[in-house]
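K.L.:
Following this message is one structure expressed as structure tokens.
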Amino acid sequence: GEDVEQSLFLSVREGDSSVINCTYTDSSSTYLYWYKQEPGAGLQLLTYIFSNMDMKQDQRLTVLLNKKDKHLSLRIADTQTGDSAIYFCAEPKAGNNRLAFGKGNQVVVIP
Amino acid sequence: DAGITQSPRYKITETGRQVTLMCHQTWSHSYMFWYRQDLGHGLRLIYYSAAADITDKGEVPDGYVVSRSKTENFPLTLESATRSQTSVYFCASWDSATVGYTFGSGTRLTVV
């Protein structure tokens, strides 16, 4: 089964906020990541959060971490057409440092 | 240019043929990974390597072979391609000195 769970699709109007959620399984993860994949491209690191933080803000991006519930969210403020992409949350696994990914959440921004 | 380079970008091959996907990184990161991306499955780990000459299986290794004779290269070989191996393949690297994993642009492989 999947280590990381995400919902699959989100449609949002340009200028609105979008929120993407994920749950993870490994409570020992030092970092948790959000990756962005634009159409036909590879994955680029969007942002990350230390496991000892509850929140991280980076310009239009806000990451919230609830360690008790193993829940991670990404909020994009003032969503723009360039934000249309698939977003993956990921956690590194102990022992081999592999990244375990969710199935991804496709965000479509409507102009 | 610094980064991870994957080649070819696109490949069409026939069932039963051997095909090798190339991955080259310029940083000397110790860890390298191969993932495949399929609709409905997200990214699944095929093989990874912790250093030159050290490789290990991931979640879906069957039908694939890897080698890592040099730190910067991590080729992935499909010994006898099957249609189920039609996918987009991503190579990635990581080192303890970096925070995030860096991905290549991917190879889109079609097996006919």
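K.L.:
Which pairs do you get when a residue that is more than 14 Å from residue B:8 (Cα to Cα), found in region B:75-93, comes within reach of a residue that is among the small types (Gly, Ala, Ser) and open to solvent by 20 Å² or more (accessible area, probe 1.4 Å), reach meaning Cβ atoms under 6 angstrom, with the pair 6+ apart or on two chains?
P.N.:
B:80/B:16
K.L.:
Something else now. Within region A:76-97, can one find any residue that is charged (D, E, K, R), surrounded by fewer than 15 Cβ atoms within 10 Å (Cβ to Cβ) and part of a strand (DSSP E or B)? Steps first, answer last, please.
P.N.:
First, pick out the residues of region A:76-97 that are charged (D, E, K, R): A:78, A:83, A:91, A:93.
Retained after the next criterion (residues that are surrounded by fewer than 15 Cβ atoms within 10 Å (Cβ to Cβ)): A:78.
Restricting the remaining residues to those that are part of a strand (DSSP E or B) gives none.
No, the conditions are met nowhere in region A:76-97.
K.L.:
I would also like to ask the following. Residue check, residue A:23 against (1) open to solvent by 60 Å² or more (accessible area, probe 1.4 Å); (2) touching a Lys or Arg at 6+ places or on another chain (Cβ under 9 Å); (3) free of Cβ contacts under 8 Å to residues at least 60 places away in the same chain; (4) over 20 Å from residue B:99 (Cβ atoms), all met but one. Which one?
P.N.:
The single condition residue A:23 does not satisfy is (1).
K.L.:
So, in region B:24-38, of the ones that are under 21 Å from residue B:82 (Cα atoms) and open to solvent by less than 30 Å² (accessible area, probe 1.4 Å), which residue ends up farthest from the chain's Cα centre (by Cα)? Even if it seems obvious, please write down each step before you answer.
P.N.:
Taking region B:24-38 and keeping what is under 21 Å from residue B:82 (Cα atoms), we get B:34-38.
Pick out the ones that are also open to solvent by less than 30 Å² (accessible area, probe 1.4 Å) and you get B:34-36, B:38.
Working: B:34: 3, B:35: 6, B:36: 8, B:38: 14 Å.
The selected residue is B:38.
K.L.:
Specify which of the listed residues (A:108, A:4) is surrounded by 13 or more Cβ atoms within 10 Å (Cβ to Cβ), among the β-branched types (Val, Ile, Thr) and closer than 28 Å to residue B:96 by Cβ.
P.N.:
A:4
K.L.:
Which of the residues belonging to region B:93-110 are more than 8 Å from chain A (Cβ to nearest Cβ) and open to solvent by less than 10 Å² (accessible area, probe 1.4 Å)?
P.N.:
Of everything in region B:93-110, those that are more than 8 Å from chain A (Cβ to nearest Cβ) and open to solvent by less than 10 Å² (accessible area, probe 1.4 Å) turn out to be B:93, B:107, B:109.
K.L.:
Another one. All but one of (1) of a type in the set (Asp, Glu); (2) buried (at least 17 other Cβ atoms within 10 Å of the Cβ); (3) away from chain B (no Cβ under 13 Å) hold for residue A:69; state the number of the condition that does not hold.
P.N.:
With respect to (1) of a type in the set (Asp, Glu); (2) buried (at least 17 other Cβ atoms within 10 Å of the Cβ); (3) away from chain B (no Cβ under 13 Å), residue A:69 is out only on (2).
K.L.:
Considering only region B:12-21, state which residues are open to solvent by less than 80 Å² (accessible area, probe 1.4 Å) and in contact with a strand residue (DSSP E or B) (Cβ under 7 Å, 6 or more places away or on another chain).
P.N.:
B:13, B:15, B:19, B:20, B:21
K.L.:
May I pose another question? Identify the residue in region B:70-92 that is within 23 Å of residue B:17 (Cβ to Cβ) and open to solvent by 30 Å² or more (accessible area, probe 1.4 Å) and, among all such residues, is nearest to the chain's Cα centre (by Cα).
P.N.:
B:73
The values are calculated or read from the model by the stated rules, or taken from the named source; none is laboratory data. Everything numeric in this text was worked out from a predicted model, so none of it was measured. Here Cβ is always computed from backbone atoms with ideal geometry, including for glycine, and neighbour counts include all displayed protein chains. For the accessible areas, the whole protein counts, side chains as well, though only heavy atoms, and no ligand, DNA or RNA atoms are used. Shrake-Rupley method; radii C 1.70, N 1.55, O 1.52, S 1.80 Å.
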